[in-house]
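Below is one structure; the comments refer to it alone.
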Amino acid sequence: MHRSVQRFEIHVMNTVNAEILGEYFQAVGERMPNLTSLCVEAPQAHHDALQPTLFSLIKALPRLERLEIPSFSDTSLIVAELARSAQLKELLFTRLSKEVGTQ
């Protein structure tokens, strides 16, 4: 992680602890504040824990131009925050075709 990184992808596994995930996302925001492109993939099992953490991360990334995130059941907080961004050009909501980390 470095301030000069502009593109980053996070692939969350089923085995990840929500607390560790929160700490990791906080570190991403602090150490890579100049990200212009962020892709986050996560299995459905992590969506509830992931959404507030992701919201905090998005607030810490003012230069985001492209964001790809899971299709949460309620995205209103995230979309409201992104509406304030003058930089955002592309927003994608994705669904995993296969749950990562499962057999």
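Mind sorting out which of (i) 12.5, 36; (ii) 12.9, 42; (iii) 16.4, 53 is the real Rg and Dmax of the Cα atoms in Å computed from the coordinates? Derived directly from the coordinates: (ii). With a Förster radius of 22 Å applied to the beta-carbon distance between D74 and Y24, the computed FRET efficiency rounds to 0.45.
Only the coordinates and a few stated rules stand behind these numbers; no lab work does. Owing to the predicted nature of the structure, the values given are computational and were not obtained by experimental measurement. Glycine also receives a Cβ, built like all others from the backbone with ideal geometry; neighbour counts cover every protein chain displayed.
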